[in-house]
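Each reported figure results from applying straightforward, stated rules to the coordinates on display, with no laboratory input. For clarity, every value in this text was computed on a predicted model and none was experimentally measured. When we count neighbours, we look across all protein chains shown, and the Cβ atoms used for this are built from the backbone with ideal geometry, even at glycine.
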Amino acid sequence: MSDNKDKLALFELYLGTAEKVSDRRAQANTWMLSVNSAIVAFYGYLQADKTPIPNLQKPLWLWAIPAAGAIVSVAWASLLTSYRKLNHAKFAVLQELESGLVDVAPFKKEEELYKKDGRRSLSGVEMWIPGCFLVLYLFLVGANLAR
């Protein structure tokens, strides 16, 4: 009986680490969305000719801002990929731990039902956000080239 209690304690501890990773991922998404929103707002502000930046420097800024935004978007996508891989590994360990605890493994069953339903992974959908910002920044660079 003690062995099962130890396994359950380990499972609960490890589940907590998986939840913390998901929390950090959500915080990273919030932060990256804020950074991208600020970049887009700053670009719009420069485009509106309301800044005291000399005309000779303005084209440089109108290139640099979307370039910085593109770098941030690529970094965001890389961060999401890293979090996805870490979560995948953690849930694989949780499934292994739960197999020795109960007759019906809830995490394994949930994954089977999710796949059977033909659903896309949430992390795949989540990757669209930095991708959309990247497309926007590339469009802005293209618009500057067309001038």
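With just the Cα atoms defining each centre, how far is the stretch 35-62 from the stretch 112-147? Give it in Å.
Each part reduced to its Cα centre gives a spacing of 25 Å.
For log10 I(q)/I(0) by the Debye sum over Cα atoms at q = 0.10, 0.22 Å⁻¹, one of [x] -0.53, -1.29; [y] -0.48, -1.31; [z] -0.38, -1.39 was computed from the structure I shared and the rest are decoys. Which label?
[x]
On a 0 to 90 degree scale, rounded to 10, what angle separates helix 106-116 from the longest Cα axis of the chain?
With rounding to tens, the tilt is 60 degrees.
Which lysines have a Cα lying under 16 Å from the Cα of Lys20, excluding residues fewer than 8 positions away in the same chain?
List returned: Lys85, Lys90.
Cut-off is 10 Å between beta-carbons; in what order do Ile53, Ile129 appear when sorted fewest neighbours first?
If I rank by nearby Cβ atoms, fewest first, I get Ile53, Ile129.
Connecting C-alpha atoms closer than 10 Å in a GNM of the chain, tell me which of Gly118, Gly44, Gly16 has the biggest fluctuation.
Comparing Gly118, Gly44, Gly16 in the GNM, the peak value goes to Gly118.
Which order do Val35, Val125 fall in if you start with the one that has the fewest other Cβ atoms within 10 Å?
On the way: Val35 17, Val125 10.
Ranking Val35, Val125 by Cβ neighbours within 10 Å, fewest first, gives Val125, Val35.
Pick from Leu101, Leu134, Leu15 the residue whose mean-square fluctuation is largest in a GNM of the chain, springs joining Cα atoms under 10 Å.
It is Leu101.
Please report Tyr14, Tyr45 as a ranked list, fewest other C-beta atoms within 10 angstrom at the top and most at the bottom.
Working: Tyr14 15, Tyr45 12.
Listed from fewest to most nearby Cβ atoms, that is Tyr45, Tyr14.
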